[in-house]
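Participant: If you scroll down you'll find the structure; I have some questions about it.
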Amino acid sequence: MSLPKKVKIGWKEYKILEQPPDEALIDGGTICYGQVFYDRQEIYINKNYRKKHKKATLLHEVIHAIDEQYSIDLKEEQVVSLTHGLMSVLKDNPALLRKERE
Ligand SMILES: [Zn+2]
């Protein structure tokens, strides 16, 4: 199973692109796990990592996009902590996201 191709955040739809670490993933000389581009609505994920790591990276970039969309103004450390917190809550409580059948 690979990552989804897109993610809807509010009224915006971001394309998810698993890429080799090219210029889109290099920020100030550092190779990033992922990168979000708000204007072109694209999330780049460095494909050279394991699935679990890519999922965490995607969630991290989604939190950045939510932050931008709703003008929350989170700091990077807060995005990192929210990513860890949400990853473990979602993993430990799969029923949270399960759709209800009526
Ligand atoms: Zn970040």
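We did not get these values from a lab; they are worked out from the coordinates using the rules stated. Just so it is clear, the structure is predicted and the values come from calculations on it, not from any experiment. Cβ sites come from the backbone with ideal geometry, for glycine too, and all protein chains shown count toward neighbours.
Participant: What does the convex hull of the Cα atoms of the chain come to per residue, in Å³, rounded to a whole number?
Facilitator: 129
Participant: So, one more: Return the distance in nm (one decimal) between the two label points of a simple spin-label model at ARG101 and ARG50, each offset 7 Å from Cα along Cα→Cβ.
Facilitator: 3.3
Participant: Just to check I understand the Karplus step: with θ = phi - 60° and J = 6.51 cos²θ - 1.76 cosθ + 1.60, what whole-Hz values come out for region 20-31, glycine and proline as x?
Facilitator: x, x, 8, 4, 5, 9, 10, 10, x, x, 9, 7
Participant: Sticking with this one: In degrees, nearest 10, range 0 to 90: what is the angle between the Cα axis of helix 76-92 and the longest Cα principal axis of the chain?
Facilitator: 40
Participant: Now for a separate question. Please give the FRET efficiency for VAL80 paired with ASP39, using the beta carbon to beta carbon distance and R0 = 22 Å, rounded to the nearest 0.05.
Facilitator: In this case the efficiency is close to 0.40.
Participant: Which of the aspartates and glutamates could a cross-linker span from LYS55 if the Cα-Cα distance has to be under 17 Å and same-chain partners fewer than 8 positions apart are dropped?
Facilitator: Hits, sequence-local ones excluded: GLU18, GLU42, ASP92.
Participant: Still on this structure, please answer the following. What FRET efficiency comes out for GLU68 versus ILE26 if R0 is 35 angstrom and r is the Cβ-Cβ distance? Round to the nearest 0.05.
Facilitator: So the FRET efficiency works out to roughly 0.95.
Participant: What trypsin sites (Lys or Arg not before Pro) in region 1-53 are in a loop by DSSP, with at most 10 other Cβ atoms within 10 Å of the Cβ?
Facilitator: Here the sparse-neighbourhood loop sites are LYS5, ARG40, ARG50.
Participant: Calculate the dipole size of the chain relative to its Cα centre from +1 charges on Lys and Arg beta carbons and -1 charges on Asp and Glu beta carbons; express the result in debye to the nearest 20.
Facilitator: 720
Participant: Cα axis of helix 51-69 to longest principal axis of the chain: angle in degrees, 0 to 90, nearest 10?
Facilitator: Helix 51-69 and the main axis of the chain meet at about 90 degrees.
Participant: Using DSSP loop states and a limit of at most 11 other Cβ atoms within 10 Å to flag chymotrypsin sites (Phe, Trp or Tyr not before Pro), what is the longest stretch of the chain containing no flagged site?
Facilitator: 12-69
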